[in-house]
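Below: one structure in structure tokens.
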There are 2 protein chains.
Amino acid sequence: MLWSGWGDPARAAALPEPTVGLLRDLLGVRPADAAPVDLAAVDVAPSRLSPDELAALAEAVGGAEHVRTDAEARIRHTRGKSTPDLLRIRAGETSDAPDAVVLPGGHDEVLAVLRACAAARVAVVPFGGGTSVVGGLAPAAPGGVDAFVALDLRRMDALAELDEVSRTAVLQPGLRGPAAEALLAERGYTLGHFPQSYEWASVGGFAAARSSGQASAGYGRFDDMVVGLTVATPEGTLDLGRAPKSAAGPDLRQLVLGSEGAFGVITSVRVRIRPVPAATAYEGWRFASFGAGTAALRRLAQDGPLPAVLRLSDEAETMVGLADPAAIGASAAGSSASAGALAVLGFEGTPDEIADRRARAAEVLARAGGEPLGAAPGEKWEHGRFDAPYLRDALLDVGAFVETLETATFWSDVPALYEAVRCALIGALSGAGTPPLVMCHISHVYAAGASLYFTIVSAQGPDPVAHWAKAKHAACDAILAAGGTISHHHGVGADHRDWYAREIGPLGSAVLRAVKDRLDPAGILNPGILVPPAEPGADPSSSRPPGAGE
Amino acid sequence: MLWSGWGDPARAAALPEPTVGLLRDLLGVRPADAAPVDLAAVDVAPSRLSPDELAALAEAVGGAEHVRTDAEARIRHTRGKSTPDLLRIRAGETSDAPDAVVLPGGHDEVLAVLRACAAARVAVVPFGGGTSVVGGLAPAAPGGVDAFVALDLRRMDALAELDEVSRTAVLQPGLRGPAAEALLAERGYTLGHFPQSYEWASVGGFAAARSSGQASAGYGRFDDMVVGLTVATPEGTLDLGRAPKSAAGPDLRQLVLGSEGAFGVITSVRVRIRPVPAATAYEGWRFASFGAGTAALRRLAQDGPLPAVLRLSDEAETMVGLADPAAIGASAAGSSASAGALAVLGFEGTPDEIADRRARAAEVLARAGGEPLGAAPGEKWEHGRFDAPYLRDALLDVGAFVETLETATFWSDVPALYEAVRCALIGALSGAGTPPLVMCHISHVYAAGASLYFTIVSAQGPDPVAHWAKAKHAACDAILAAGGTISHHHGVGADHRDWYAREIGPLGSAVLRAVKDRLDPAGILNPGILVPPAEPGADPSSSRPPGAGE
């Protein structure tokens, strides 16, 4: 992966000149001193780990070759892939670099690393694909912990078990999406989990951050797929999941899922798998407005038939045709193909099943005012489904700022949440002199609600990191005020932690801290991530919520 | 509800003489001194609550009329509805009677009761329908807590909100199944949650014990339906669920679901609802064996179409035709209608949808060796779906012992789990001189696994409670040894607690205790239920689980 951007440098796209012109004319994007510095020129502070600490780590992972302190390894494990992360690393800013990169070979080695680090009070940041966009890889430094290691799980990359009767597979956490799919495909199976980060993100990260893939309507979210988990913690092992579902107490799997490395390191997951579908078919539909399309998606989510992929772009995203930079000019020029709100549907199964479901879905969508656009828009989306982060690199290169954020809520609150977040972003950025293009899509639907995913493009301005922090703050406030969750699938990390604390309330925060204190009494696991710090003297009581009686 | 049995005394059935004869001849059931004593003759110890404590409770719930200390109220809140519970209460044994029954009118009153009880160190047992079959209503008396109140939630019985756009409803916890369905039906909706306890169990209990209804294949389990929760704890309020799904940290809703009153009192749930189906259709299928039928159910669970109801009785249960006592004689006499393993399927939707799904399911089942039996067996099951607990009263009356237990696991382990539990029960009871009839069915299926529900009938013997305790112990050991979960839908309570601790391991138990200690520092909430006690000096570390790498 590109140390200063996304993915394979060979796939980085340069923007065509008409696009650059439009960005300049519409958003005031000016060529900035925006090119990344050279990797070789990037400096990193000396590792704070002592020779004894490094020796203990080497012993834990079976050899010094699995403990790396060279500058390149440390730089490549610095922070994640949010736009502020990229802007800082492109500028050569490595203050959050880990003091070492440690590569365990299995569960017992992870336990050994945690024991060694707890003893030395060295923090541990689990590292899968390194694709966090919420600051999940740069720990804070609370009292007593001042050095940290990145625990890179890439050596734990096996398909440990495949149970064809139960249709489950046990996967190790370091498997990246394509590698996991390749191992399963050899036996005729698929996970069906394709988030935008699919090419680089890892199975452990999918679980730790509650990833949701583009085919979530058909396959479920990753947290739906997980039926078992093993977790290494400083206090020992958790081994959870004896049945798909159980009434034996709280579902502790759901306490580990989403724990972002703050409670332990996920060392294997048992997941549902499915046979590779015989065929797939994508298609596009146009709605007069995002609101009309939203209502149509709700019909499919509540009464079916539900395609495997179901997405809807708002008017702005439809116009820009985000996945195809070359089309930006054509769209803005007013081609009627880019009017209204574009929906993409993806169907999977046997050709007969697909035909049946497409026909029934078409009936629902037509009744809801949709206009069928045939296969082309769907296939175009499918072709570019993992491309947006590469495009971001190109936009940064020409001096544009681009970032995303997302939320979810119940259907009846979706319109107000959409407006609130859009207004907050446009208001904050325009007020600061960088009027943005704000686009949105729905990409995950449930019977009771849906996600909203926003993409923001603007000029970088003189200090884009600080500039964006204010807009992001306004958007997060708007999300909470409108009743949304602070993240539907990116996670909490450090960036959302304060809003997360408000979302779950002081008592919810206190529960998380109690769990963390029990599993990680030394506080070495991803400190500052996810778990809100204790508020001295805070009273966790809150007033009566609506609907609870009286 | 019958204080000494199940449900409406008017519906209690007397067993026909041929059935009694068969029980006598086959199982050695002998008329015992088995009739319940008179309610008026039952004694209960004086309440241990002081006048000050009672006054504080009355203040918390808005009046002394909502705090009951009369013998009948206390007896009616003594324990739950397991067979040992019934045998003890039928004998007039009331040592576990609550010291008072407290009836709060809303969330704030629940908070006030919890505060008052924490201050006085009086334990609180949340009481919904009182239908626990796992000892969930009889607290242990750990240090410092010696009196307890039953917190009966029946006054909190409103449909607080119905959101037709999001298709969710906010329900208060004291609503029993039929009342909740009636309120929703006025607006054209249903929860679709019909456990065998449906007629008496409550919404709060469904949530607190992770209930699973007979239509779980179509509607999901109750824990799938819950998208939001409010919880009153001694430390304040938890208000959870801003979207159907979220990546904002661990799913704390799933920590409350299944917490059985040990973490707090659920004061409202927001649940998914669906339009009342236009039609329903039930049908029966016969398979040569339970194994063949299990494989057929797995096909439907993994590749569809999935009916709303999907059940399969093993050969013994098929022969006995459990729901129809009058048929026991006919079946045992060798009618071919009772050979093999009977499956029941229930379909819901429009008549066209039902016809389509039935046809596709029929194709799958026929290919798997099934023989269609038409509507009659399905309709007979549907007619008697809530009757088994009434039948139990009649069986106890004639000196028989009857009890159930259940588990779940992954499909590949289902056959071994089935054999292990059957053998453990037959071995334990036969060895003790009461050879049992052991029957089993699958009633809940998932893509990755299924539940197994066992019904045991035997002679009562001289001390049926102690006698059963040994057999139950053997069955629970067998469940864990064969990889099953200790409960798929009955819950943990006091009865399963020790096996639950083994299931989640010492570190999982420690996490539960940490959560409980944070939410209930005085230890007043359902003490002894669910949460395993701390083992002094226990080391929560465990060895490496399979599949987690070297």
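Let me know the mean shielding of B:500-508 by other chains, meaning the per-residue number of their Cβ atoms within 10 Å of its Cβ.
Average neighbour count from other chains, rounded to a whole number: 5.
Find the accessible area per residue for the range A:159-275; the probe is 1.4 Å, ligands and nucleic acids are left out, and the unit is Å².
Working: 2550 Å² over 117 residues.
The answer is 22 Å² per residue.
Right, something else. Express in Å², to the nearest 10, the accessible area of residue A:283 obtained by rolling a 1.4 Å probe over the protein heavy atoms while all chains stay in place.
That residue has around 20 Å² of solvent-accessible surface.
Another question, then. Please give the residues from the range A:298-313 for which the solvent-accessible area of heavy atoms, probe 1.4 Å, is smaller by at least 40 Å² with all protein chains in place than with the chain isolated.
A:302
When only DSSP loop residues count, what trypsin sites (Lys or Arg not before Pro) in the range B:68-143 have their Cβ near at most 13 other Cβ atoms within 10 Å?
Here no loop site has a sparse enough neighbourhood.
Moving to a separate point now. Using a 1.4 Å probe on the heavy atoms of the protein chains only, list every residue of the range A:427-462 that has 10 Å² or more less accessible area in the complete assembly than in its chain alone.
Buried by the other chains: A:446, A:447, A:448.
How many Cβ atoms of partner chains, on average, are near each residue of A:488-495 if near means within 10 Å of its Cβ?
Numbers: counts 6, 4, 2, 4, 5, 0, 0, 0.
Per residue, the number of nearby Cβ atoms from other chains is 3 on average.
Amide H to amide H under 5 Å from residue B:489: which residues, 5+ apart in sequence or cross-chain, H placed 1.01 Å off N in plane?
Amide H neighbours of residue B:489: A:247.
Which whole-number value in Å² is the accessible area per residue of the range B:389-481, probe 1.4 Å?
On the way: 2540 Å² over 93 residues.
It amounts to 27 Å² per residue over the range B:389-481.
For the residue pair residue B:355 and residue A:517, what label-to-label distance in nm results when each label sits 7 Å from Cα along the Cα-to-beta-carbon direction?
Placing both labels 7 Å beyond Cα along the Cβ direction yields 6.4 nm.
Angle check, please: helix B:464-481 long axis (alpha carbons) against the longest principal axis of chain B (alpha carbons), in degrees 0 to 90, nearest 10.
Long axis of B:464-481 versus the principal axis of chain B: about 70 degrees.
Still on this model: Counting only protein heavy atoms and a 1.4 Å probe, tell me what percentage of the range B:159-275's accessible area is made up of carbon and sulfur.
On the way: 1200 of 2540 Å².
The nonpolar share, carbon plus sulfur, comes to 47 percent.
Working with all protein chains in place, sort B:490, B:441, A:383 by solvent-accessible area computed with a 1.4 Å probe, largest first.
Working: B:490 35, B:441 15, A:383 155 Å².
Descending order: A:383, B:490, B:441.
For helix A:51-60, what angle does its Cα long axis make with the longest principal axis of chain A, in degrees from 0 to 90 and rounded to 10?
The angle comes out near 70 degrees.
For a test of the definition: using alpha carbon positions, the gyration tensor, and the 1.5 limit on a/c, classify the range B:53-127 as rounded, prolate or oblate. Can you show the working numbers first?
Working: a/c = 2.36, a/b = 2.14, b/c = 1.10.
Taking the square roots of the gyration eigenvalues as a ≥ b ≥ c, the range B:53-127 is prolate.
Ordered by residue, what ³J(HN,Hα) values in Hz, to whole numbers, does the range B:21-32 give under the Karplus form 6.51 cos²θ - 1.76 cosθ + 1.60, where θ = phi - 60° and Gly and Pro are x?
x, 5, 4, 5, 6, 8, 10, x, 5, 10, x, 10
Same structure again: In square angstrom and rounded to 100, what buried accessible area do you get between chains A and B, total over both, with the probe at 1.4 Å?
Details: alone 22310 and 22310 Å², together 37220 Å².
About 7400 Å² of accessible surface is lost on pairing.
Which Cα, out of B:285, B:49, B:69, lies furthest along the positive dipole direction of chain B (beta carbon charges, K/R +1, D/E -1)?
B:285
Do any GluC sites (Glu not before Pro) in the range A:169-276 lie in a DSSP loop with no more than 15 other beta carbon atoms within 10 Å, and if so, which? Each step should come with its number before you reach the end.
Numbers: sites: A:181, A:186, A:199, A:235, A:260; in loops: A:186, A:199, A:235, A:260.
Within the range A:169-276, the qualifying GluC sites (Glu not before Pro) (loop, at most 15 other Cβ atoms within 10 Å) are A:186.
Could you pull out every one of the aspartates and glutamates with an alpha carbon less than 17 Å from that of residue A:472, ignoring same-chain neighbours closer than 8 positions?
In chain and number order, the partners are A:85, A:403, A:406, A:419, A:463, A:495, A:498, A:503.
While we're on this one: Under 26 Å Cα-Cα from residue B:470, which lysines qualify once same-chain neighbours fewer than 8 residues away are excluded?
Here the lysines satisfying the reach criterion relative to residue B:470 are B:81.
Return the aspartates and glutamates within reach of residue A:380: Cα separation strictly under 16 angstrom, same-chain partners fewer than 8 residues apart disregarded; answer none if there are no such residues.
Within reach: A:283, A:317, A:324.
Separate question: Take the Cβ-Cβ distance between residue B:55 and residue B:146 as r, set R0 to 22 Å, and report the resulting FRET efficiency rounded to the nearest 0.05. Write down the numbers at each step before the final one.
Values: r = 19 Å, r/R0 = 0.86.
It comes out at approximately 0.70.
Just want to confirm a number: the relative contact order over chain B, from Cα pairs under 8 angstrom separated by 6+ residues, in percent. Before the final figure, lay out the partial values.
On the way: 1161 pairs, mean separation 92.8, N = 550.
Reported relative contact order: 17 percent.
Can you sort B:85, B:96 by 1.4 Å-probe accessible area, starting with the largest? The partial results should precede the final answer.
Working: B:85 15, B:96 35 Å².
Highest to lowest solvent-accessible surface, that is B:96, B:85.
Determine the shape class of the protein assembly as shown: with a ≥ b ≥ c the square roots of the Cα gyration tensor eigenvalues, call it rounded for a/c under 1.5, and otherwise prolate if a/b is greater than b/c, oblate otherwise.
Prolate, since a/c reaches 1.5 and a/b exceeds b/c.
Summarise the partner chain shielding of A:219-232 as one whole number: the mean count of Cβ atoms from other chains within 10 Å of each residue's Cβ. Walk me through the numbers on the way to the answer.
On the way: counts 0, 2, 3, 1, 6, 2, 2, 0, 5, 4, 2, 6, 4, 3.
For this peptide, the per-residue mean of nearby foreign Cβ atoms is 3.
Ignoring ligands, DNA and RNA, what percent of the accessible area of the range B:352-493 is carbon or sulfur (1.4 Å)? Before the final figure, lay out the partial values.
Working: 2770 of 4800 Å².
Exposed carbon and sulfur together represent 58 percent of the surface.
The values are calculated or read from the model by the stated rules, or taken from the named source; none is laboratory data. A quick note: this is a predicted structure, and the numbers were derived from the prediction, not measured. Note that we place each Cβ from the backbone using ideal geometry, even for glycine, and neighbour counts take in every protein chain shown. Only protein heavy atoms, including side chains, enter the accessible area calculation; ligands, DNA and RNA are left aside. Shrake-Rupley method; radii C 1.70, N 1.55, O 1.52, S 1.80 Å.
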